[in-house]
Amino acid sequence: MQLKFMKSASMKWALIALVSGSILYSCKKEDSQPNNNNNSCEVNVANLVGNYKVTALQYKASANATPVDFLAQMEDCEKDDILTLKTNGTYTFTDAGIVCKPDGNQEGTWKLEGKTLISDGILQGTVSSYNCKTLVYYVENSLADGDKFTFTLTKQ
């Protein structure tokens, strides 16, 4: 009788442990911060403010053309530059790392109208995506009618 009770008690405890473990591990704590790699992030000035580096630059001569990696064709001294967007509507473009001769440092103003980036200098285009870490925007009809440059900037 004692053995039967022990088996029964052991089974109950095993079942309780299994159910408790399942309940505890099935609960998932929500992230306190969004996953900046996958989630969409509202395109507004407050979210866009920060330091960026160009990590991809693609050119298409027409909608059906094969994309060309323009970043690969740029000088090394241009690939490490940093664009800083500030909350006061100004930007600084810093010729960081390997410095070009002459340097490419610039300052100016920028604003956002809807999803259109407007500046008095290098920042022009339409935002196609932004996830709080990676900003992708494009400029059409830049070198020829129907062409498209797509810039990918990554927050540093």
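The values are calculated or read from the model by the stated rules, or taken from the named source; none is laboratory data. This is a predicted model, so every value here is computed, not measured. Please note: Cβ atoms are built from the backbone with ideal geometry, for glycine as well, and neighbour counts cover all protein chains shown.
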Margin query: Being of a type outside the set (Ser, Thr, Tyr), modelled with pLDDT of 95 or more and within 13 Å of LEU153 (Cβ to Cβ) is the filter here; which residues of segment 111-131 pass it?
Written below: LEU117, GLY125, VAL127, ASN131
Notebook entry, point to check: Are there any pairs with C-beta distances below 6 angstrom linking a residue in segment 46-73 that is touching a residue at least 24 places away in the same chain (Cβ under 8 Å) to a residue that is surrounded by 11 or more Cβ atoms within 10 Å (Cβ to Cβ) and among the acidic types (Asp, Glu), with the two at least 6 apart or on different chains, and if so which?
Noted result: ALA61/ASP147
Note to self: Against the conditions (1) touching a residue at least 40 places away in the same chain (Cβ under 8 Å); (2) out of contact with any strand residue (DSSP E or B) (no Cβ under 9 Å at 6 or more places or on another chain), where does LEU135 fall short? Just the number, please.
What the structure shows: (2)
Checklist line | Scope segment 123-145; condition out of contact with any Lys or Arg (no Cβ under 6 Å at 6 or more places or on another chain), over 14 Å from GLY50 (Cα atoms) and either outside the structural domain of ALA65 (by TED's automatic domain parsing) or not in a loop (DSSP other than H, G, I, E, B) (or both); matching residues | finding: GLY125, SER128, SER129, VAL136, TYR137, VAL139
Checklist line | Test: residue in segment 56-64 that is outside any helix (DSSP H, G or I), modelled with pLDDT of 50 or more, surrounded by 10 or more Cβ atoms within 10 Å (Cβ to Cβ) and more than 23 Å from the chain's Cα centre (by Cα) | finding: yes
Next item on the list: Please specify each residue of segment 146-156 satisfying the condition of being part of a loop (DSSP other than H, G, I, E, B) and of a type outside the set (S, T, N, Q).
Entry: GLY146, ASP147
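Go through segment 82-96 and give me each residue that's within 19 Å of THR55 (Cβ to Cβ) and surrounded by fewer than 14 Cβ atoms within 10 Å (Cβ to Cβ).
So in segment 82-96, the residues within 19 Å of THR55 (Cβ to Cβ) come out as 82-85, 91-96.
None; the set is empty.
Got a number for residues in segment 93-105 being closer than 20 Å to THR152 by Cβ and in contact with a strand residue (DSSP E or B) (Cβ under 7 Å, 6 or more places away or on another chain)? So that I can check it myself, show each step before the final result.
Filtering segment 93-105 down to residues closer than 20 Å to THR152 by Cβ leaves 93-97, 104.
Next cut, in contact with a strand residue (DSSP E or B) (Cβ under 7 Å, 6 or more places away or on another chain) only: 93-94, 96, 104.
Counting residues in segment 93-105 that are closer than 20 Å to THR152 by Cβ and in contact with a strand residue (DSSP E or B) (Cβ under 7 Å, 6 or more places away or on another chain) gives 4.
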